[in-house]
1. May I ask you to verify whether V404 is outside any helix (DSSP H, G or I), surrounded by 20 or more Cβ atoms within 10 Å (Cβ to Cβ) and either at negative phi or touching a residue at least 24 places away in the same chain (Cβ under 8 Å) (or both)?
2. I'd like to check something: does segment 414-423 contain any residue that is small (G, A, S), farther than 25 Å from R23 by Cβ and in contact with a helix residue (DSSP H, G or I) (Cβ under 6 Å, 6 or more places away or on another chain)?
3. I'd like the full set of residues that are more than 19 Å from F57 (Cα to Cα) and part of a loop (DSSP other than H, G, I, E, B), limited to segment 205-242.
4. Would a scan of segment 376-392 turn up a residue that is crowded, with 19+ Cβ neighbours inside 10 Å and assigned to a helix (DSSP H, G or I)?
5. Under the condition of being within 15 Å of the chain's Cα centre (by Cα) and of a type in the set (V, I, T), which residue from segment 45-88 is surrounded by the fewest Cβ atoms within 10 Å (Cβ to Cβ)?
6. Would you confirm whether or not segment 346-356 contains a residue that is touching a residue at least 60 places away in the same chain (Cβ under 8 Å) and of a type outside the set (F, W, Y)?
7. Considering each of V154, V148, V214, V221 in turn, give the residue that is at pLDDT below 90 and of a type in the set (A, V, I, L, M, F, W, C).
8. Yes or no: Y30 outside the structural domain of E125 (by TED's automatic domain parsing), in a strand (DSSP E or B) and surrounded by fewer than 18 Cβ atoms within 10 Å (Cβ to Cβ)?
Amino acid sequence: MHQFHYVGPRLFCEQVPLEWLARKYGTPLYVYSQATLAGHFRKLDTAMAGVDHLVCFAVKSNSNLSVLRALARLGSGFDIVSGGELERVIAAGGDPAKCAFAGVGKSEAEIEFALRQGVYTFNAESEPELHRINRIAARLKKRAPVAVRVNPDVEAGTHKKITTGTYENKFGVAFERVEALYARAARLKNLHLRGVQMHIGSQITEVGPFEQAVRKVAPLVARLRDRHGLEFFSIGGGLGIVYQPALASGSPAWWRSPAARGIITPEKYAARLVPLLQPLGLRVLMEPGRFISGNAGVLLTRVEYIKRTGRKTFLIVDAAMNDLIRPAFYDAYHEIVSLNRRGGARVKSDVVGPICESGDYFCQDRPLPRVREGEYLALLSAGAYGSVMGSNYNTRSLAPEVLVNGRRVAVVRERQPIKAIFAHEKIADWLR
């Protein structure tokens, strides 16, 4: 559920009308609901109360400092995949000792920085990585806490670009090779074998794949626990959200409807997994990102032109694929609604951006309400993998971000000045 809703004809974030924000701060504009972020975190945290656990928010989904600060204040840990993300967490007031450092390509500089900051664990993805971590830890006279990422070869049934748990993917160590790898790693004197980690993919909307993976990996974890004194088992992230219908799914009534019966919730997730995890007696780490931030954000955009070709109606907006790349990259669906609701017939429309690419679209042939030039639209469920994947393609500024808390509003990232885009570029001496 989320805090985006209509009050009469106007769309609100919590207690603030979105059209007021669009006019005040301009578009494209990201808007986040703090109540939604907190609500989703608390729901998962509460559901997993049956085991000792730590929810580590996946910073890659939304790395805005205010988002991270809000979650840190709730006790969140953080799943990081770069030294830069660790620096963000620290700047936001997060605790490095609650950080799990994931990723297949950690550099020596990143490992050294994370060791000095005291991260909770390195989730190692290969044997060469373990040797690198051990070597750096020896030089720093430290013992590095590590977990090996197990690839359980479980098909998550999600988009091929966000599946991570099969042998076709670059992530983790094959299930049947893990025990031997732990035995070898135990002989590396500057490693502390702290846990086991897995992650099978993203935007998984059914509990079945999670349960299958935990059932497969739990006996392995128990054996490794007994041999190496492990402390935790990370079951990864990947909990999916409702993209369609995103607006209706913000209502408590919708979650009691027949349409919602198959949708994953923290309660359904915990009911199936906690009984499998309790016998291990280990701390359980979870690394959700989209589940917490996805439906907590929207992207506002202005209709610049309406172009009719005879076959097509194009709504040309001021947001583009550089602001939200998911439709172009994943063929992802984002519900698109008007900030001022009206009735009447719907028109099949393509919502497209101004970038010189045919792939710069947010939807195609979708029935949408009639709108006029100068009106505003909201692309829902844009709080995860939205702003963080933004770029300056076509020398377009990164969009500003606003955080709403009740009636309070804060600009948590200013609109990027155009000159800042090329401020670090130089003209070669011989071209002067």
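1. yes
2. No: segment 414-423 contains no residue that is small (G, A, S), farther than 25 Å from R23 by Cβ and in contact with a helix residue (DSSP H, G or I) (Cβ under 6 Å, 6 or more places away or on another chain).
3. Once the filter is applied, which keeps residues that are more than 19 Å from F57 (Cα to Cα) and part of a loop (DSSP other than H, G, I, E, B), segment 205-242 yields E206, V207, G229, L230, E231.
4. Looking for residues that are crowded, with 19+ Cβ neighbours inside 10 Å and assigned to a helix (DSSP H, G or I), one finds at least one in segment 376-392, hence yes.
5. If we take residues in segment 45-88 being within 15 Å of the chain's Cα centre (by Cα) and of a type in the set (V, I, T), then V81 is surrounded by the fewest Cβ atoms within 10 Å (Cβ to Cβ).
6. no
7. V154
8. Taking the combined requirement at face value, the residue does not satisfy it.
The values are calculated or read from the model by the stated rules, or taken from the named source; none is laboratory data. Computed from a predicted model, the values in this text were never measured in an experiment. Because the Cβ atoms are built from the backbone with ideal geometry, glycine has one as well, and the counts that use them run over all protein chains shown.
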